[in-house]
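What follows is a single structure, written as structure tokens, with notes after it.
The values are calculated or read from the model by the stated rules, or taken from the named source; none is laboratory data. This is a predicted model, so every value here is computed, not measured. Methodologically, a virtual Cβ is constructed for each residue, glycine included, from the backbone with ideal geometry; neighbour enumeration extends over all protein chains shown.
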Amino acid sequence: MYASMTAIGHQPPQFSTDGLTVEALLMGGPPNEPVARFVADLAQDRRGDPDTLLVLTYLLTHRTTTASRMAKLVQKTESETEARLLELSAPGNALIERTADTARSSRGEYRLVGDAVRALGPAIAYRARSGDDTDRKIVTIVAEIGTITGRVVRTMFDVQPATASRILSDLVDRGILVKTSTASRGPTVTYGPGAKFPTGRRVRRKPGDDPSQSPLERDDGPTQERD
């Protein structure tokens with residue numbers, strides 16, 4: 001039940017009792033799409049793991065967490081919870097990471113890794129969307145050139161293809177970008193200004209530029225060789 005609810009971005013069930021009966025409160029509503037997409041892309045052993053999903057759900061509304069804060073939620077001792085948090089921060093497939101101040105401590109303070117923050121986008125309550133560096137950089141490129149692709153996003157932010165796709169999908173969902181190519185999938189799909197693209201920006205192109213190419217893909221001619 002915990003995994004099923006949190007996997008689609010809902011809060012976990014809340015239980016209450018009067019001593020004789022137990023009541024479970026399930027918060028309904030449509031799925032939180034960024035969270036559902038993110039969870040669907042997790043490794044199979046994490047996708048249905050209640051501990052993983054409870055940590056993820058907590059960090060959607062809190063910048064950091066610790067074993068002492070999570071122990072009651074995951075119903076484990078603090079030592080067991082710390083071990084689970086360490087597993088989720090293991091290099092190579094990390095969902096969370098220790099803050100710099102607690103990197104060498106026996107008990108750490110943990111936050112979502114950068115890729116997860118970018119992928120979850122608007123699902124994160126404390127993410128300042130208006131000043132978000134990722135959004136601003138993408139908007140700047142599109143304002144200057146007219147389009148952007150997943151390949152460019154991967155290069156700009158050094159992220160995996162799935163993360164680049166989620167970043168662009170989030171901007172499309174919010175109306176900031178819209179697909180401008182006939183292709184529907186792949187790193188070369190182009191995106192241009194959508195209905196809610198920030199106003200007051202002028203798209204600049206050089207004469208003869210291919211509008212389907214971004215500045216990181218266009219060949220502006222041979223470079224001068226140095227001796």
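Consider G150 carefully, then state whether it is outside the structural domain of A36 (by TED's automatic domain parsing), in contact (Cβ under 8 Å) with a residue 60 or more places away in the chain and not acidic (D, E). No, not satisfied.
In segment 61-84, the residue that is nearest to L112 (Cα to Cα) out of those that are among the polar types (S, T, N, Q) and in contact with a strand residue (DSSP E or B) (Cβ under 8 Å, 6 or more places away or on another chain) is T64.
What about E82, is it modelled with pLDDT of 90 or more, more than 30 Å from I167 (Cα to Cα) and surrounded by 15 or more Cβ atoms within 10 Å (Cβ to Cβ)? It is true that E82 is modelled with pLDDT of 90 or more, more than 30 Å from I167 (Cα to Cα) and surrounded by 15 or more Cβ atoms within 10 Å (Cβ to Cβ).
Only one entry in I138, I96 is touching a strand residue (DSSP E or B) at 6+ places or on another chain (Cβ under 7 Å) and in the same structural domain as G175 (by TED's automatic domain parsing), namely I138.
Of the residues making up segment 43-79, those that are in a helix (DSSP H, G or I) and either touching a helix residue (DSSP H, G or I) at 6+ places or on another chain (Cβ under 9 Å) or at pLDDT 90 or above (or both) number 23.
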